[in-house]
Amino acid sequence: MNKDTLKKSNTDITAVSESEKQREFMSLVRGLTSDTAKRKDRDLTACVVTFGCQMNERDSEKLKGILKECGYNLTENEDADLVIFNTCTVRENANDRLYGRLGALGKLKKDKPDMIVGICGCMTQEADEVEKLEKSYPFVDLIFGTFNVYKLAEILYSRLVSGSRITDIWQESREFVELLPTERKYPFKSGVNIMYGCDNFCTYCIVPYVRGREKSRRPEDIVDEIKRLTDDGVVEVMLLGQNVNSYGKGLEEDISFAGLLKELEEVEGLKRIRFMTSHPKDLSDELIETMAASEKICDHIHLPLQSGSSRILKRMNRGYTKADYLELIRKIRDKMPDISVTTDIIVGFPGETNEDFEETIDVVRKVGFDSAYTFIYSKRRGTPAAKFDDLPEKQETDKRFNKLLEEIRMASGEKSGNLVGKTMEVLAEGVNTHNESLLTGRLSNNMLVHFPGSKERIGKILKIKITESKGFYYFGTEV
Ligand code: SAH
Ligand code: SF4
Ligand code: F3S
């Protein structure tokens, strides 16, 4: 990092708390953007491109909030005055996609030398990737990580006054900086981080290395944030964490995830609560009971299986067996017969035999998932599984992958006819992308429904009669 520049700029700052300090940096950047805008005789634009999961989506809303406060008009167009790529590194193809996009941006910047390009997110927490970016992508101006997203204005200010690249990567989170502006994608729903990081170290997974140790936010801070969101029109929240079921670990107060949900149930104006991701090894009976008794928690659980083979699960360090998983599903369905269950599955993990794979198929058939995200195992540098050298043949993995897709398609197709004729609550989320006379909304079980309606209904929870099932989505009419 360019320390001299930061010291110089810090002398202008009088704030006591970190969030006040960052707000002062936002106002300093606003001064600079406003000068440039006058010189160019037009407003400056900024674009944030997001890869990866909902954690990154939420971080991008924070980045956008800061950029707006810094005087930029937000745009979806990468031909902007400032572009930030918020990266994901969970699988190799996520990295490949980023470098492809970055190459294109480099060409654009040749014609627009004033353009500022930033890279942040999970990829920049890997030292080798930062080295590659610094060496081979000289046009990148800002490189920062997952722990200092809130510092964007300060980093940008340093770049603008110094004219040189700023690299600022931390190895751990230092403090939670709350109360900064965010720019939500939807006015009526929002992600809310309840915890950061992960301590589970599944042997294939890079997340614990790039997101750091698991840290829960204090319940009162979460409740406050959600109250502010509902005051601002939010009716649905998605509580975010890599393993929400272990929420509370390390906090001063003794609180479980179920305990947090009970507190959130009381928040006035909040109509729907979702969460992800639940790790099967930490899903408690208390959580099942809390979900079953709740008016607000949605009828959906995302419960990553990863593999149906107990032998492979052990090698993945998942902490449960095939029988444990099936028993958990039985307990959940016993209390909530209509709940929709979705999952993540990895195919082609080192050492996976055809018998192991058939165990996965067996779980898919027994559970009948409503939908599943399926991935081919991708070797990640620095993870324990990267040392396992018994990868199945690629051809074999591809065959298994296709068979798995087919099984999942059959299972979810069978289930989705069940709702036709029922009247259900739907949160209207937007205009249908293919037919403007229709709105698209979401059922409590997370499935989409398309129905005739006008724009004014967006953001409201409506009663919709389901008239037709299309497998992965429905048609309906408002009643
Ligand atoms: N914390 C969540 C998952 C985060 S990553 C959980 O424990 O379920 C999202 C999904 O990506 C994982 O569930 C897993 O299925 C997949 N994934 C993670 N690392 C992977 C890898 N190296 N190769 C293939 N898929 C992977
Ligand atoms: Fe990765 Fe496992 Fe943590 Fe999920 S629980 S983020 S899969 S290490
Ligand atoms: Fe990707 Fe980071 Fe999420 S690696 S999946 S963006 S936590």
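Here are a few things to note about the model shown:
- Legend: calculated FRET efficiency, E478 to S162, from the Cβ-Cβ distance at R0 = 51 Å, rounded to 0.05, equals 0.35.
- Antiparallel DSSP beta bridges within the chain, as percent of all bridges there, nearest 5: 35
- Assuming charge only on the beta carbon of Lys and Arg (+1) and of Asp and Glu (-1), the dipole of the chain about its Cα centre is about 920 debye to the nearest 20.
- In degrees, nearest ten, helix 152-162 long axis to first principal axis of the chain (Cα): 30
- Rel. contact order, % - alpha carbon contacts under 8 angstrom, at least six apart, the stretch 319-418: 35
- Pairs of Lys residues in the stretch 371-479, spaced 8 or more positions apart or belonging to different chains, with C-alpha separations under 17 angstrom: 8 in total.
- Surface composition of the chain: carbon and sulfur make up 49 percent of the accessible area, probe 1.4 Å.
- Ordering of 73-79, 432-438, 85-91, 405-411 by burial proxy (mean other Cβ atoms within 10 Å per residue, highest first): 85-91, 405-411, 73-79, 432-438
- In percent, rounded to a whole number, the relative contact order of the stretch 343-479 is 21, using alpha-carbon pairs under 8 Å and six or more apart.
- Applying the Karplus relation 6.51 cos²θ - 1.76 cosθ + 1.60 with θ = phi - 60° to the stretch 310-323 yields 3J(HN,Hα) values of 4, 5, 5, 4, 5, 5, 7, 6, 7, x, 8, 10, 4, 5 Hz, where x marks Gly and Pro.
- The stretch 192-331 - charge dipole about Cα centre, Lys and Arg +1 at Cβ, Asp and Glu -1, debye rounded to 20: 1080
- For the chain, calculated [θ]222 nm from helices alone, where every DSSP H run of n ≥ 4 adds -39500 (n - 2.57): -12000 deg cm²/dmol
- Hz values of 3J(HN,Hα) by residue in the stretch 386-398 - Karplus curve (6.51, -1.76, 1.60), Gly and Pro given as x: 4, 8, 6, 10, 10, 5, x, 4, 4, 4, 5, 4, 4
- Å² per residue, accessible surface of the chain at 1.4 Å: 45
- Backbone amide hydrogens, once placed in the peptide plane, bring L239 within less than 5 Å of V192, R274, F275, M276, excluding anything fewer than 5 places away on its chain.
- Any cysteine of the chain lacking a neighbouring Cys Cβ under 4.7 Å - listed by number: C47, C53, C70, C88, C120, C122, C198, C298
- Mean shadow area of the chain, taken as a quarter of the surface of its Cα convex hull (nm²): 23.9
- Taking every alpha-carbon pair under 8 Å whose residues sit at least 6 apart, the chain reaches a relative contact order of 10 percent.
- A dipole drawn for the chain from +1 and -1 charges on Cβ atoms has a positive end, and of C202, P452, S309 the residue lying farthest that way is P452.
- Three-way shape call for the stretch 113-183 based on the alpha-carbon gyration tensor, with the a/c threshold at 1.5: oblate
- Between helix 354-367 and the chain: long-axis angle, C-alpha atoms, 0 to 90°, nearest 10: 80
- Magnitude of the charge dipole for the stretch 351-479, about its Cα centre and with charges confined to Cβ atoms of Lys, Arg (+1) and Asp, Glu (-1), is about 640 debye.
- Acute angle (nearest 10 degrees) that the helix 18-40 long axis makes with the longest principal axis of the chain, alpha-carbon atoms: 60
The values are calculated or read from the model by the stated rules, or taken from the named source; none is laboratory data. Everything quoted here is computed from the prediction, not taken from an experiment. When we count neighbours, we look across all protein chains shown, and the Cβ atoms used for this are built from the backbone with ideal geometry, even at glycine. Ligands, DNA and RNA are excluded from the accessible area calculation, which covers all protein heavy atoms including side chains. Shrake-Rupley method; radii C 1.70, N 1.55, O 1.52, S 1.80 Å.
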